[in-house]
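Working notes, structure below.
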Amino acid sequence: MLSSGWHAWAGPRIVLLTRVPSPGRAKTRLAATIGDSAAADAAQAFLEDSIALAVAAAGRVGGRVVVHTDPDAPGEALLVLLSRLGAAHAPQGPGGLGARLRRALEVAPTAARVVLGSDAPDLPGEHLVSALRLVEQVPVVLGPTTARDGGFHLLALAPGAPAAWLEGPLRWSTPHALADAEAAARAAGLAVGKGPPWPDVDDEVDLRALEARLVGSPDPTTAPRTRAWLLRQRPAPP
């Protein structure tokens, strides 16, 4: 459950929606090529890096982080991790993705809020910070993923901006998700801004692109848990 301090906090919120990693439930498209166990381990590394980047961004804007999980009871290990990193926990609850997003965003309707998933572990924290700044000018901000994916890696709402439009007929997890979200927000009378694009990881093609980015990154602190997991997957030298 969320603490009373979360509800009373006047600053911005960074909300992370995630599925608790477990074999057979985590990263199913990726698991089709690398196996259930490896996909669950990857998802765990992604999640830990995503929480850490969210907490770091929250520190820059005087905000707080809450992680909404599916299933609602995430297990002791994740609760300990959240406590150590300084993030709160909340259940996602029932319903489709639109309903769960709406519920998470309506916890603090008078605050600036940005929500992300755990599929972009190397997302620059600046994307979260800039989205929270941009909602000072426009009520809805969407951060696109790649053109191949057609989705978005973050969604930000200005203080007081409603979230009910997220329960409309959006084609989630399809190449139409970004366009549908933008159309639904505009139909609700909300202007939409766009943040910089960033790729997420759904399948092995995305995973190899992530690996190339991390190998080429001059900053070893970018997604360190994901980087370590990728290194463990490399074949041992002959």
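Derivation of every value follows stated rules applied to the coordinates shown; laboratory data play no part. These numbers come from a predicted model, not from an experiment. Here Cβ is always computed from backbone atoms with ideal geometry, including for glycine, and neighbour counts include all displayed protein chains.
Pull up the DSSP beta bridges for the chain and report the antiparallel fraction as a percent, rounded to 5. Could you put the intermediate results ahead of the total?
Numbers: 9 of 27 bridges.
Antiparallel bridges make up about 35 percent of those DSSP assigns within the chain.
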Simple SL model, points at 7 angstrom along Cα→Cβ for V138 and A228; separation in nm is 3.9 nm
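Given an 8 Å cut-off on Cα distances and at least 6 residues of separation, report the relative contact order of the chain as a percent. Walk me through the numbers before you get to the answer.
Details: 436 pairs, mean separation 51.5, N = 238.
Over the chain, the number comes to 22 percent.
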Dipole size in debye (nearest 20) for region 10-230 around its Cα centre, Lys and Arg Cβ +1, Asp and Glu Cβ -1? 480 debye
I need the per residue convex hull volume for region 10-230, using only the alpha carbons, in cubic angstrom as a whole number. 113 Å³
Can you put D49, D122, D203 in order, fewest other beta carbons within 10 Å first? D203, D122, D49
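Please report V61, V20, V205 as a ranked list, fewest other C-beta atoms within 10 angstrom at the top and most at the bottom. Walk me through the numbers before you get to the answer.
Working: V61 17, V20 20, V205 12.
Result, fewest neighbours first: V205, V61, V20.
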Amide H neighbours of A88 under 5 Å, counting only residues 5+ apart in sequence or on other chains, H built in-plane at 1.01 Å? V65, V66, V67
How much net charge surrounds T145 when only other residues with a Cβ under 11 Å from its Cβ are counted (Lys, Arg +1; Asp, Glu -1)? -4
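Estimate the FRET efficiency between V215 and S83 by the formula 1/(1 + (r/R0)^6), using the beta-carbon distance for r and 30 Å for R0, to the nearest 0.05. Walk me through the numbers before you get to the answer.
Values: r = 32 Å, r/R0 = 1.08.
Computed FRET efficiency for V215 and S83: 0.40.
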R148-S37 pseudo-label distance in nm [points 7 Å out on the Cα-to-Cβ vector]: 2.8 nm
What does the helix-only formula give at 222 nm for the chain: each DSSP H stretch with n ≥ 4 adding -39500 (n - 2.57), the total divided by the residues, and the result rounded to the nearest 500 deg cm²/dmol? -13000 deg cm²/dmol
Signed unit charges on C-beta, dipole axis of the chain, positive-most listed residue Q233, A40, A104: A104
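May I ask you to derive the FRET efficiency for A188 and T28 from their Cβ-Cβ distance with R0 = 25 Å, giving the value to the nearest 0.05? Kindly include the intermediate steps, with their values, before the conclusion.
Values: r = 32 Å, r/R0 = 1.26.
The computed FRET efficiency comes out at 0.20.
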